[in-house]
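Bear in mind that the values in this text are calculations on the coordinates, not laboratory data. Since we're looking at a predicted model, the values are computed, not measured. All Cβ positions, even for glycine, are placed from backbone atoms using ideal geometry, and neighbour counts span all protein chains on display.
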């Protein structure tokens, strides 16, 4: 009984210590802002390109996997040369995708989209673009690049097909390591 009380009090002290350290180190400042730069924030989780976050932000932020559209749109890792960020979706996936997405939507813009809740076609291009990048960069990803392209084009026939394929791409992206 006495050891349980001691363990609880140590846990409380540890929590208080961590929270006070976080506040002292500027944890509540905006990551990458001018204040974070001056405070000497740490580089976040292996991120490159000047992406900075305050220490120990991992306690309070939602982890984004290394294969999600959010990860690829963040610039945390360099994109493969075969599919540059500026490449048009219609050029990468083929002319059949131009009817749904137009000639100017880029892969970067597709991965950055936040309006994917209402439209299965938006979710399809968002997660399909991330899946294509993952197919080129991640060994062991469940789809090959040609499969991602073919499956995305096949899913353009209906909203049901687009929603089902977008869900498969999303699951593959989120379970990738």
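Which order results if 83, 157, 148 are arranged by neighbouring Cβ count within 10 Å, fewest first?
On the way: 83 18, 157 10, 148 27.
Going from sparsest to densest Cβ surroundings: 157, 83, 148.
Work out how much length residue 87 to residue 167 would gain on full extension: take 0.36 nm times their residue separation and subtract the Cα-Cα distance, in nm to one decimal. It would help to have the intermediate numbers written out before the result.
Working: separation 80, 0.36 × 80 = 28.80 nm, distance 2.37 nm.
Using 0.36 nm per residue and subtracting the Cα-Cα distance, I get 26.4 nm.
Its convex hull of Cα atoms gives region 90-177 a direction-averaged projected area, equal to a quarter of the hull surface, of 5.1 nm².
Among 146, 79, 72, which comes first, second and so on when ranked by fewest other beta-carbon atoms within 10 Å?
On the way: 146 10, 79 18, 72 26.
Sorted ascending by nearby Cβ count, the order is 146, 79, 72.
Projected label points at residue 112 and residue 158, each 7 Å from Cα along the beta carbon direction, are separated by 3.5 nanometres.
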